[in-house]
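Heads up: the structure comes next, in structure tokens.
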Amino acid sequence: MTAPIDTTGSQTDVAPEAVLKGVEAKQIEGRSLGQIAWTRFKRDKVAVAGGIVVVLLILMAALSRPIQSMLGLDPNQFHQDLIDPNTTLPKGDFGGMSWDHPLGVEPKFGRDIFSRILEGSWVSLVVAFGATVLSNAIGTILGVVAGYYGGRVDTVISRLMDTFLAFPLLLFAIAISATLQGGAFGLEGLPLHLLVLIFVIGFFNWPYMGRIVRGQALALREREFVDAARGMGARGPYILFKELLPNLVAPIIVYSTLLIPTNIIFEASLSFLGVGIQPPQASWGGMLNQAKDFFEVDPQYMVVPGLAIFVTVLAFNLLGDGLRDALDPRSR
């Protein structure tokens, strides 16, 4: 005979362990916007690969001098014993590649190409990052001011952007760089060349960032949180720096990763034309300029710096595309 069923008990008498039997109770945690973006970014294997290459390039540039010292390399040391005196070309195949010189040596002087690629890496990244920071700072401030205040302020800043965009930037950069080659502002040599390139590239590229930030600020100034800040008595500067700018971090980061490779190419172009980094300091653009006279007989010397620029620009572009998709899924 079966036991009678108790129908008088209520569900409140049932222990929670009986309901969740066999299931571990776990605390549900919310995820921040950064965590959500990181999850999306990790799914993009191509962007992750580009990010890894970018990190390796930055480490290579930062540690270029220690690496050269550890391997006993000098980017400006001549190796005339490795050059054929009759042809001024490196002895051996593939531009004189060997265990001591894994990427070969340059024609005529015999300087090690690997050490010069390392030396040129930090030059390109310093100029690219410095110019990007300068253009982002100017463009972000003027763009957010124009977008928030509107009216005459927006008109004046927008016309200023149009004026800068109308400049023939390459010709202007060549003229300024050539004029300041000898010395200026108490500086000369490599420090002067780096500062001139950073100023020229960064100062005349800010309108691109300014337009992007202005467009975003125009949309954000009509949002509810901005109206709430105004209703609580917040003034313009507080709204600009506490309400609008934090919401503009994502597009600024994305555009920065896409602007850096453009600045790398710009620096290489100026050095290739002879108005950028001056020898004997190694630079990728300067190496391409020297390699153009030996391309037919020693293509190795042109391929290596060209490949370094190509890989660096491609890695930054892949990283920028991945960040754009991660921070703004609607862009897909």
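The values are calculated or read from the model by the stated rules, or taken from the named source; none is laboratory data. It should be emphasised that the depicted structure is a prediction, and the values quoted were computed from it without experimental measurement. Heads up, the Cβs are rebuilt from the backbone with ideal geometry, glycines too, and the neighbour counts pull from every protein chain shown. The area values use the complete protein model at the heavy-atom level, side chains included, leaving out ligands, DNA and RNA. Shrake-Rupley method; radii C 1.70, N 1.55, O 1.52, S 1.80 Å.
Brief remarks on what is shown
- Any hit, the range 115-134, residues being open to solvent by 40 Å² or more (accessible area, probe 1.4 Å), closer than 23 Å to Pro280 by Cβ and either assigned to a helix (DSSP H, G or I) or touching a residue at least 12 places away in the same chain (Cβ under 8 Å) (or both): yes
- Selection within the range 243-289 - assigned to a helix (DSSP H, G or I), out of contact with any helix residue (DSSP H, G or I) (no Cβ under 8 Å at 6 or more places or on another chain) and more than 19 Å from Leu319 (Cα to Cα): Pro246
- Pick from the range 300-311, criterion in contact (Cβ under 8 Å) with a residue 24 or more places away in the chain and over 20 Å from Gln278 (Cα atoms), ranking: nearest to the chain's Cα centre (by Cα): Val311
- Residue tally, condition open to solvent by 10 Å² or more (accessible area, probe 1.4 Å), farther than 16 Å from Phe295 by Cα and either modelled with pLDDT of 90 or more or not hydroxyl-bearing (Ser, Thr, Tyr) (or both), over the range 92-114: 8
- Positions within the range 61-95 being in contact (Cβ under 8 Å) with a residue 60 or more places away in the chain and of a type outside the set (S, T, N, Q), in sequence order: Ala61, Ala62, Pro75, Leu89, Pro90, Phe94, Gly95
- Taking the listed residues Tyr149, Tyr208, the one that is open to solvent by 50 Å² or more (accessible area, probe 1.4 Å), more than 27 Å from Val313 (Cβ to Cβ) and in contact (Cβ under 8 Å) with a residue 40 or more places away in the chain is Tyr149, with no other qualifying.
- Enumeration of residues in the range 100-154 that are of a type in the set (Ser, Thr, Tyr) and either farther than 25 Å from Ile265 by Cα or more than 27 Å from the chain's Cα centre (by Cα) (or both): Tyr148, Tyr149
- Exclusive hit being modelled with pLDDT of 85 or more, of a type in the set (Val, Ile, Thr) and closer than 29 Å to Arg116 by Cβ, set Val200, Val213, Val254, Val249: Val200
- Top-ranked residue in the range 228-242 [being exposed (fewer than 11 other Cβ atoms within 10 Å of the Cβ) and in a helix (DSSP H, G or I); ranked as farthest from the chain's Cα centre (by Cα)]: Gly231
- A single entry from Val275, Val304, Val313 fulfils the requirement of being open to solvent by less than 40 Å² (accessible area, probe 1.4 Å) and farther than 29 Å from Gly210 by Cβ: Val304.
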